[in-house]
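For reference, the structure discussed in these notes is given below.
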Amino acid sequence: MMPGLHRLTDVWVYLAASPLLGLTTTLVAYLVALQLYQRLRFNPLANPVLIAIAIVVSILVITGTPYKTYFEGAQFVHFMLGPATVALAMPLYRQWRNFRRAVLPLLLGLAAGSVTAVVTAVGIAYAMGASRQVMVSLAPKSATTPIAMAISERFGGLPSLTAVLVICTGILGAVLARYILNFLRIDSHPVRGFALGVASHGIGTARALQVSAEMGAFAGLGMGLNGVFTAVLVPVVMPLMLRWIGS
Amino acid sequence: MNLTSLALLLVFQCLGEGAAQLLGLPIPGPVIGMLLLLLSFLLFPRLADFMEQTSWGILQHLSLLFVPAGVGVIAASGQLKGDLGAIVVALVVSTVLAIAVGALVTQWAMKRLRPAADQDREQP
């Protein structure tokens, strides 16, 4: 009995050190989360990103595995974010005729949503006494992960913190959008998708794609436009806000 | 899943990264790659038909790709400490407001600025 158990521990130690386990954990946790999401009939509260992260975090904490070790395996999944962002050209292209008919309204909605996201986040963090570093890390939270991290770094934020804040924003938007938009009685899929994409980037877009291809396409457009817009907006607004609050 | 399409996605990402580096743009490479691919689809519609399945295949599991970065919350928790309350309130309120304001302005502008003929077709 004991030697067998001993060998099992050896196998565990071996596996835990290889990238295989991080990758497997990520995929299996996501599949479990997806099953749950389907069982609960795509209720936004059962967001698969949130549940998958909760599962992986629990496993890492219980087994005492450092994030760095886990990421050595999970980076292969993380890497696919790049090609997936490029692939968003597909829903954009399929909805191109609809976009062209609504260029001006969409640009106005983009500016409104994007400015609201940056200014309220920084303003609230300031009002509640957060440090300058936290305020800067929060500012680009509605942009897609790689853009947000680059902006955060340039202005003295913490890119790793920004990455987490971006994911949280995405999950919050994906979970809450249905309730906010129903409350406001906004039922057009293009408008719902666009606002969700602007505020909650890829995770909002993933949620919108599950509702309808049309909503997903407008969310993808919102995400793409806001990535570009935030990259231009924060360098302009952030120094102004920091000077105004004198920090 | 089509290997040629997957390679094309990577090629466009490389083009995007290259352009961002070369021109010193603040916009990340994949986003430029996306815009370049969109342009290519508009110029060559048959390319879009060819890449259709693979592109949707990747996008179908877009959620999965955010899991590794999200798990980083473990590593970041040490940096949050005293600012946790401010961060939570800022995230929730700001996200709710951004969705609400974005949607209201977009809807308002669509009603005001679009030709009346288009509108009845948009209503679901």
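Just give me the residues in the range A:42-57 being hydrophobic (A, V, I, L, M, F, W, C) and under 16 Å from the mean Cα position of the chain (by Cα), in sequence order.
Hits for the range A:42-57 are A:Leu45, A:Ala46, A:Val49, A:Leu50, A:Ile51, A:Ala52, A:Ile53, A:Ala54.
Let me spell it out: the conditions are (1) in contact with a Gly (Cβ under 8 Å, 6 or more places away or on another chain); (2) among the hydroxyl-bearing types (Ser, Thr, Tyr); (3) surrounded by fewer than 24 Cβ atoms within 10 Å (Cβ to Cβ), and A:Thr145 meets all of them except one. Which number is the exception?
Here A:Thr145 meets the rest and fails (3).
Which one of B:Leu35, B:Leu9 is within 8 Å of chain A (Cβ to nearest Cβ), farther than 30 Å from A:Leu108 by Cα and surrounded by 17 or more Cβ atoms within 10 Å (Cβ to Cβ)?
B:Leu9
Return the only residue of A:Phe194, A:Phe183 being surrounded by fewer than 23 Cβ atoms within 10 Å (Cβ to Cβ), under 16 Å from B:Leu97 (Cα atoms) and at pLDDT 90 or above.
One residue alone meets the criteria, A:Phe183.
I need the full set of residues from the range A:169-207 which are without any contact (Cβ under 8 Å) to a residue 24 or more places away in the chain and of a type in the set (A, V, I, L, M, F, W, C), in order please.
Within the range A:169-207, A:Ile180, A:Leu181, A:Phe183, A:Leu184, A:Ile186 meet the criteria.
Could you list, in sequence order, the residues of the range B:50-85 that are under 24 Å from B:Leu3 (Cβ atoms), surrounded by fewer than 18 Cβ atoms within 10 Å (Cβ to Cβ) and either at the interface with chain A (Cβ under 7 Å from one of its Cβ atoms) or acidic (Asp, Glu) (or both)?
If the condition is that a residue be under 24 Å from B:Leu3 (Cβ atoms), surrounded by fewer than 18 Cβ atoms within 10 Å (Cβ to Cβ) and either at the interface with chain A (Cβ under 7 Å from one of its Cβ atoms) or acidic (Asp, Glu) (or both), then B:Glu52, B:Trp56 are the ones that fit.
Just checking, does the range A:220-228 include any residue being without any contact (Cβ under 8 Å) to a residue 24 or more places away in the chain, small (Gly, Ala, Ser) and surrounded by 24 or more Cβ atoms within 10 Å (Cβ to Cβ)?
no
Looking at the range A:25-72 only, could you name the residues that are crowded, with 19+ Cβ neighbours inside 10 Å and of a type in the set (Gly, Ala, Ser)?
Listed by number, the residues that qualify are A:Ala29, A:Ala33, A:Ala52.
The values are calculated or read from the model by the stated rules, or taken from the named source; none is laboratory data. Quantities reported herein were computed from a predicted structural model and do not represent experimental measurements. Backbone-built Cβ (ideal geometry, glycine too); neighbour counts: all protein chains shown.
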